[in-house]
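What follows is a set of notes on a single structure, which appears directly below.
The values are calculated or read from the model by the stated rules, or taken from the named source; none is laboratory data. This is a predicted model, so every value here is computed, not measured. All Cβ positions, glycine included, derive from the backbone under ideal geometry; neighbour counts span all protein chains shown. Heads up: the accessible areas ignore ligands, DNA and RNA and are worked out on the full protein's heavy atoms, side chains in. Shrake-Rupley method; radii C 1.70, N 1.55, O 1.52, S 1.80 Å.
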Amino acid sequence: MASETPRKKVVVYGAFQSVIEANLAKTKLDAYGIPCFLTNEHLASLYPLTYFSAGQVRLHVFEDDLPRVQEILQEGTA
């Protein structure tokens, strides 16, 4: 019987006003080796002047990574 790897919980870190802003955050996290992904990215691109363009591109990360994600993304914003 093989031991199972514990599952990590995925959470929404935040929502962004634009696809570009969300991709910049994702790229920064990728550079630090932090796994993440975006949702609603394509809908916001297809319908830029609708509901999806107003903070609906979401960045998802593992819950365990939240403190590091906050540190990285808030770096240089103060």
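Here are a few things to note about the model shown:
- When the test is whether a residue is surrounded by 13 or more Cβ atoms within 10 Å (Cβ to Cβ), modelled with pLDDT under 85, among the hydroxyl-bearing types (Ser, Thr, Tyr) and out of contact with any Gly (no Cβ under 6 Å at 6 or more places or on another chain), residue 3 does not pass it.
- Pairs, first of a type in the set (Lys, Arg) in segment 1-21, second at pLDDT below 90, C-beta under 9 Å, six or more apart: none
- Subset of segment 6-20 that is at pLDDT below 85 and either closer than 18 Å to residue 60 by Cβ or within 12 Å of the chain's Cα centre (by Cα) (or both) - its residue that is most open to solvent (accessible area, probe 1.4 Å): 17
- Within segment 21-41, if we keep just the residues that are among the polar types (S, T, N, Q), open to solvent by less than 60 Å² (accessible area, probe 1.4 Å) and outside any loop (DSSP other than H, G, I, E, B), the residue that is nearest to residue 8 (Cα to Cα) turns out to be 39.
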